[in-house]
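**Q** Right, I'll just put the structure down here and ask away after.
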Amino acid sequence: MPVPAQNQQYENFIIRYKQNTHGGFDYESDETFQIVNDLFGILYVPMQEVPELELSSYSYSSIPRCYTYMDTGALSTSGVTRLHNHPYLKLQGKGTLVAVIDSGIDYLHPAFHNGVQSKIFSIWDQTLEGGADGRIPFGREFGRQQIEQALASENPWEIVPSSDTNGHGTRSAATAAGYRIEKDNFCGAAPEAEIVIVKLKQAKNYLRDFYLLPRDIDIFQEDDIMLAISYVLFIAQEQQMPLSICIGLGTSMGAHQGEGPLNEYINSIAAFTQNAVSVPAGNEGTARHHYLREFGPNDTEDTVELRVGDRESTRGFMTEFWGDSPGSYYMTIQSPTGEKLSVSTALKNRTQELSFVFVETKVLVNYVPIERRTGNTLIFIRFQHPASGIWKFLVEEKIPGKSRFHIWLPVRGMISDETYFLQSSPDYTVTAPGDTEDAMTVTAYHHRDNSLF
């Protein structure tokens with residue numbers, strides 16, 4: 001049977017385990033509790049022992065957010081290759097370790113070996129069955145010796161059965177630290193660096209169901225990314241090497257203020273001079289997945305129009321409303337047929353179910369007047385089997401004065417291009433963890449016309 005971290009019958013919670021009001025306690029990792037760092041730990045609880053997930057001011061940050069792939073940019077036009085042969089710099093990554101936390105790697109690709117020797121120091125594959133061994137909490141780890149044995153074998157997959165079925169991780173690793181391949185006119189940014197790889201496991205089904213995310217696309221959960229960072233930090237410390245971490249993933253969940261466990265963890269490690277963390281800004285600038293409205297003293301009402309496509313009707317989607325503090329926001333949701341239902345502000349942490357008569361749509365709403373980490377108002381909305389057409393959010397601010405609110409849809413890949421705001425805003429669309437204060441956030445662009453995504 002898979003360990004709890006991989007078992008679909010266990011739910012994962014990110015907790016701040018050192019904030020213990022009952023005094024000191026010596027915590028140790030085991031199958032049901034995994035320490036990430038001095039602040040965060042992952043708790044694995046059997047599904048039958050916890051009630052149905054209820055979003056509240058105390059639990060929003062403890063439920064792992066879900067991430068998916070962001071685009072990678074062109075290397076040659078970024079100016080990196082000019083630094084390789086600079087007479088004084090000659091920056092090619094020698095003596096450094098590059099970590100790629102993604103979909104895995106094709107370790108047989110010539111960008112990562114010279115026929116005999118591999119530049120990959122180790123691979124932690126979270127998707128393979130296996131338990132804790134002192135270095136990893138679950139999955140399997142393959143060192144350089146095993147990888148080189150696989151390279152020399154007629155059937156390498158018997159020795160190192162880890163692959164990259166998507167290719168995103170392989171492209172990211174090659175771009176970051178691939179060997180020079182003259183015939184293909186290719187070279188990674190740091191061709192002399194060594195590589196450590198973490199292949200993330202897929203997000204559990206209960207999280208996909210909670211966030212109404214597709215079952216058939218690659219989605220990864222926050223706690224697994226945090227454990228991956230902890231692993232590559234351990235390798236870098238063990239080898240006494242400076243570390244550059246590359247995370248090519250993003251999400252629009254959260255208040256976009258750099259909050260959340262993963263963001264906080266990245267901030268804590270990026271503060272050390274031997275560590276660098278590179279994250280993407282995302283591809284949401286032109287996606288029309290964000291709505292922004294600012295209120296004034298005499299302007300306290302707004303109507304938000306959201307076009308919902310046919311593809312969302314089979315499963316649904318989620319969206320998050322974040323209102324700046326202090327504020328008192330009231331919302332009414334209007335279906336494409338004109339039927340209006342109000343969101344209750346009195347249920348606090350309980351889930352409200354809105355059932356429309358003329359469309360077969362249920363809307364689940366959690367109203368959190370003061371979300372614990374940000375202090376802002378959160379209205380977490382899940383549309384189950386939504387009817388296609390124009391849905392409207394009628395928003396009213398009950399406290400006159402200057403305030404604003406945002407609404408974010410999931411990132412591209414988690415929702416179809418048919419669903420978008422009619423009057424969207426491209427501002428505040430940098431994805432998490434790209435909004436982390438101390439990370440290096442990189443945007444992708446079309447090198448032919450230098451237009452930003």
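The values are calculated or read from the model by the stated rules, or taken from the named source; none is laboratory data. Predicted model only: the values in this text are computed from it and were never measured. Every residue, glycine as well, gets a Cβ built from its backbone with ideal geometry; the counts of neighbours run over all protein chains shown. Side chains are part of the model used for accessible areas, which takes the heavy atoms of the whole protein and leaves out ligands, DNA and RNA. Shrake-Rupley method; radii C 1.70, N 1.55, O 1.52, S 1.80 Å.
**Q** In this structure, does PRO400 turn out to be of a type outside the set (Phe, Trp, Tyr) and at pLDDT 95 or above? First the steps, then the outcome.
**A** Details: of a type outside the set (Phe, Trp, Tyr): yes; at pLDDT 95 or above: no.
Criteria not met by PRO400.
**Q** If we scan segment 132-149, do we find a residue that is farther than 29 Å from ILE63 by Cβ, assigned to a strand (DSSP E or B) and either in contact with a Gly (Cβ under 8 Å, 6 or more places away or on another chain) or open to solvent by less than 50 Å² (accessible area, probe 1.4 Å) (or both)?
**A** The answer is yes, given that some residue of segment 132-149 is farther than 29 Å from ILE63 by Cβ, assigned to a strand (DSSP E or B) and either in contact with a Gly (Cβ under 8 Å, 6 or more places away or on another chain) or open to solvent by less than 50 Å² (accessible area, probe 1.4 Å) (or both).
**Q** When the residues of segment 398-418 are narrowed to those that are more than 19 Å from VAL430 (Cβ to Cβ) and under 25 Å from the mean Cα position of the chain (by Cα), which ends up most open to solvent (accessible area, probe 1.4 Å)? I'd like the intermediate steps shown before the answer.
**A** From segment 398-418, those more than 19 Å from VAL430 (Cβ to Cβ) are 398-403, 416-418; that's our starting set.
The next check asks that each one be under 25 Å from the mean Cα position of the chain (by Cα); those that pass are 416-418.
Working: SER416: 14, ASP417: 112, GLU418: 59 Å².
Checking each candidate, the answer is ASP417.
**Q** Would you please name the residue that is most open to solvent (accessible area, probe 1.4 Å), looking only at residues in segment 287-332 that are among the polar types (S, T, N, Q) and in contact with a Pro (Cβ under 9 Å, 6 or more places away or on another chain)?
**A** Just the residues of segment 287-332 that are among the polar types (S, T, N, Q), to begin with: 298, 300, 303, 313-314, 319, 325, 328, 332.
Cutting the leftovers down to in contact with a Pro (Cβ under 9 Å, 6 or more places away or on another chain) gives us 298, 300, 313, 319, 328.
Details: ASN298: 159, THR300: 34, SER313: 49, THR319: 1, SER328: 31 Å².
Ranking the candidates gives ASN298 first.
**Q** Then there's this: Restricting attention to segment 176-214, and to residues there that are in a strand (DSSP E or B) and either hydroxyl-bearing (Ser, Thr, Tyr) or touching a Leu at 6+ places or on another chain (Cβ under 8 Å) (or both), which single residue is farthest from GLN8 (Cα to Cα)? Before the answer, list the steps.
**A** Step one: filter segment 176-214 for residues in a strand (DSSP E or B), giving 181, 186, 194-199.
Narrowing the set further to residues that are either hydroxyl-bearing (Ser, Thr, Tyr) or touching a Leu at 6+ places or on another chain (Cβ under 8 Å) (or both) leaves 194-196.
Numbers: GLU194: 34, ILE195: 31, VAL196: 27 Å.
Within segment 176-214, the match that is farthest from GLN8 (Cα to Cα) is GLU194.
**Q** I'm trying to understand the selection: among the residues of segment 367-396, which are in a strand (DSSP E or B) and touching a helix residue (DSSP H, G or I) at 6+ places or on another chain (Cβ under 9 Å)?
**A** If we filter segment 367-396 for residues that are in a strand (DSSP E or B), which is where we start, we get 367-368, 377-384, 389-396.
Hits for segment 367-396 are ARG382, PHE383.
**Q** Any idea how many residues of segment 122-146 are among the hydrophobic types (A, V, I, L, M, F, W, C) and farther than 21 Å from ILE195 by Cβ? Don't jump to the end; show me each part of the working.
**A** If we filter segment 122-146 for residues that are among the hydrophobic types (A, V, I, L, M, F, W, C), which is where we start, we get 123-124, 128, 132, 136, 138, 142.
Now drop any that are not farther than 21 Å from ILE195 by Cβ, which leaves 132, 138.
Total satisfying the criteria: 2.
**Q** When the residues of segment 316-332 are filtered to those that are in contact with a Gly (Cβ under 8 Å, 6 or more places away or on another chain) and in a strand (DSSP E or B), which remaining residue is nearest to PRO400 (Cα to Cα)? Walk me through how you get there before you give the answer.
**A** Filtering segment 316-332 for residues in contact with a Gly (Cβ under 8 Å, 6 or more places away or on another chain) gives 320, 325, 329.
Still in the running and in a strand (DSSP E or B): 320, 329.
Details: GLU320: 23, TYR329: 11 Å.
Checking each candidate, the answer is TYR329.
**Q** Determine if segment 333-349 includes at least one residue that is open to solvent by 50 Å² or more (accessible area, probe 1.4 Å), closer than 16 Å to PHE405 by Cβ and not aliphatic (A, V, I, L, M).
**A** no
**Q** Still on this model: Which one of PHE40, PHE25 is open to solvent by less than 20 Å² (accessible area, probe 1.4 Å) and at pLDDT below 95? Outline the logic, then answer.
**A** Numbers: PHE25 fails: open to solvent by less than 20 Å² (accessible area, probe 1.4 Å).
Within the list PHE40, PHE25, the selection yields PHE40.
**Q** Suppose we filter segment 150-201 for residues that are in contact with a helix residue (DSSP H, G or I) (Cβ under 7 Å, 6 or more places away or on another chain), surrounded by fewer than 22 Cβ atoms within 10 Å (Cβ to Cβ) and among the β-branched types (Val, Ile, Thr); how many remain?
**A** The qualifying residues number 2.
**Q** Right, SER103: at pLDDT below 95 and of a type in the set (Gly, Ala, Ser) or not? Working first, answer last.
**A** Working: at pLDDT below 95: no; of a type in the set (Gly, Ala, Ser): yes.
So SER103 fails the test.
**Q** Another question, if that's okay. Return the total of residues in segment 95-126 being surrounded by fewer than 19 Cβ atoms within 10 Å (Cβ to Cβ) and either in contact with a Cys (Cβ under 9 Å, 6 or more places away or on another chain) or not in a strand (DSSP E or B) (or both). Write out each step before concluding.
**A** Step one: filter segment 95-126 for residues surrounded by fewer than 19 Cβ atoms within 10 Å (Cβ to Cβ), giving 95, 106, 108-110, 113-117.
Now drop any that are not either in contact with a Cys (Cβ under 9 Å, 6 or more places away or on another chain) or not in a strand (DSSP E or B) (or both), which leaves 95, 106, 108-110, 114-117.
Selection size over segment 95-126: 9.
**Q** Being in contact with a strand residue (DSSP E or B) (Cβ under 7 Å, 6 or more places away or on another chain), closer than 29 Å to ASN298 by Cα and surrounded by fewer than 17 Cβ atoms within 10 Å (Cβ to Cβ) is the filter here, so list the residues in segment 371-397 that pass it.
**A** Those that are in contact with a strand residue (DSSP E or B) (Cβ under 7 Å, 6 or more places away or on another chain), closer than 29 Å to ASN298 by Cα and surrounded by fewer than 17 Cβ atoms within 10 Å (Cβ to Cβ): ILE390, LEU394, GLU396.
**Q** Another question, if that's okay. Could you run through segment 263-309 and say how many residues are outside any loop (DSSP other than H, G, I, E, B) and either touching a residue at least 40 places away in the same chain (Cβ under 8 Å) or within 19 Å of TYR69 (Cα to Cα) (or both)? Before the answer, list the steps.
**A** First, pick out the residues of segment 263-309 that are outside any loop (DSSP other than H, G, I, E, B): 263-270, 275-280, 290-296, 299, 301-308.
Keeping just the survivors that are either touching a residue at least 40 places away in the same chain (Cβ under 8 Å) or within 19 Å of TYR69 (Cα to Cα) (or both) gives 263-270, 275-280, 290-296, 301-308.
Of the residues in segment 263-309, 29 are outside any loop (DSSP other than H, G, I, E, B) and either touching a residue at least 40 places away in the same chain (Cβ under 8 Å) or within 19 Å of TYR69 (Cα to Cα) (or both).
**Q** Moving on to the next point. Just name the residue that is most open to solvent (accessible area, probe 1.4 Å) out of those in segment 225-255 that are more than 19 Å from THR431 (Cα to Cα) and assigned to a loop (DSSP other than H, G, I, E, B).
**A** GLN240
**Q** Also: Do you know which of the residues in segment 43-63 that are over 19 Å from the mean Cα position of the chain (by Cα) and polar (S, T, N, Q) is surrounded by the fewest Cβ atoms within 10 Å (Cβ to Cβ)?
**A** Here the answer is GLN48.
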